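Student: Handing you this structure, nothing more for now.
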Amino acid sequence: MGDATIESPSWRLVEVGRIVLIQGEGPYTGRLATIVEIIDHKRALVDGPSSDPKLAVPRQAVRLSDVLLAPFVIPKLPRTARTGVVKAAWEKAGIDAKWKESNWAKRKEQRERRKALTDFDRFKVMRLKKQRLFEQRKALAKVKASA
């Protein structure tokens, strides 16, 4: 028989050290935390000692249905680590910087900015889009004419 190589799938697993984005109706919706302990198959203990106060989450139990698993993991985080240990590991792994560079965070920020626009701001955006489209069509026509 031949050698068989077994590879684990590249899914985002619920594991200690996994960074999660909290969803749902709570006061910490939209904030980052890390899984510190898995309570059971539906709940986990999370702690989010972010340096950014808009992203910080106190230690609490959350339902796994109320979190989204991010692609970031704090490596070798011990189970039930205290907040100080989690904070040190969080900063060492550079989670805040990685999060701000992710497309996920950029899209979220863009949605918030668009939500805050006034009527006049939306009008200015519409005019800029029209100008951009006009310039693109003009460049395309120039290319077609030269071909």
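Student: Each residue of the stretch 126-135 in order: what ³J(HN,Hα) in whole Hz does its phi give by Karplus 6.51 cos²θ - 1.76 cosθ + 1.60, θ = phi - 60°, with x for Gly and Pro?
Tutor: With the stated coefficients, the stretch 126-135 comes to 4, 5, 5, 5, 5, 4, 4, 5, 4, 5 Hz.
Student: Which aspartates and glutamates, if any, have their Cα less than 20 Å from the Cα of residue 124, not counting same-chain residues under 8 positions apart?
Tutor: Here the aspartates and glutamates satisfying the reach criterion relative to residue 124 are 109, 112, 135.
Student: Next up: Find the relative contact order for the chain and round it to a whole percent, using C-alpha pairs within less than 8 Å whose residues are 6+ positions apart. It would help to have the intermediate numbers written out before the result.
Tutor: Values: 174 pairs, mean separation 26.4, N = 147.
Relative contact order, the chain: 18 percent.
Student: Around residue 36, with a cut-off of 14 angstrom between Cβ atoms, what is the net charge of the other residues, counting Lys and Arg +1 and Asp and Glu -1?
Tutor: Numbers: positive: 18, 43, 59, 76, 79, 82, 87; negative: 15, 37, 47.
Residues near residue 36 contribute +4 overall.
Student: By count of other Cβ within 10 Å, fewest leading, how are 90, 104, 11 ordered? List each step's numbers first, then the result.
Tutor: Numbers: 90 23, 104 13, 11 7.
In increasing order of surrounding Cβ atoms, one gets 11, 104, 90.
Student: What do you get for the angle between helix 103-115 and the principal long axis of the chain? Use alpha-carbon atoms, 0 to 90 degrees, nearest ten.
Tutor: Helix 103-115 and the main axis of the chain meet at about 60 degrees.
Student: OK, next. May I ask for the net charge around residue 24, where only other residues with Cβ less than 10 Å from the Cβ of residue 24 are counted and Lys, Arg are +1 while Asp, Glu are -1?
Tutor: On the way: positive: 63; negative: 25, 66.
Net charge around residue 24: -1.
Student: Between residue 96 and residue 134, what length in nm is gained on full extension when 0.36 nm per residue of separation is reduced by their alpha carbon distance? Numbers along the way, then the final one.
Tutor: Values: separation 38, 0.36 × 38 = 13.68 nm, distance 3.93 nm.
That pair, residue 96 and residue 134, stretches by 9.8 nm at full extension.
Student: Give the shape of the stretch 103-147 as rounded, prolate or oblate, defined through the alpha-carbon gyration tensor: a ≥ b ≥ c are the square roots of its eigenvalues, a/c under 1.5 means rounded, and otherwise the shape is prolate if a/b is larger than b/c and oblate if not.
Tutor: Oblate.
Student: Taking the Cα atoms of the chain, report the difference between the largest and smallest coordinate on each principal axis, in whole Å and largest first.
Tutor: Reported extents, whole Å, longest axis first: 65, 58, 28.
Student: Over 18 Å between Cα atoms: which of 106/130; 54/106; 54/98; 54/100; 42/87 fall into that group?
Tutor: Details: 106/130 24 Å; 54/106 15 Å; 54/98 16 Å; 54/100 13 Å; 42/87 25 Å.
From 106/130; 54/106; 54/98; 54/100; 42/87, over 18 Å: 106/130; 42/87.
Student: To make sure I understand, if each residue's beta carbon is the centre and we count other beta carbons within 10 Å, what order do 102, 51, 146 fall in, fewest to most? Show your work: numbers first, answer last.
Tutor: Values: 102 14, 51 11, 146 6.
Neighbour counts put them in this order, fewest first: 146, 51, 102.
Student: For a quick check: sort 74, 35, 6 by the number of other beta carbons within 10 angstrom, fewest at the front. Could the numbers behind the result be given before it?
Tutor: Details: 74 20, 35 24, 6 4.
So the residues, fewest neighbours to most, are 6, 74, 35.
Just so you know, all these numbers are worked out from the coordinates, no wet-lab data involved. Bear in mind that the values here come from a model prediction, so they are computed numbers and not experimental data. All Cβ positions, even for glycine, are placed from backbone atoms using ideal geometry, and neighbour counts span all protein chains on display.
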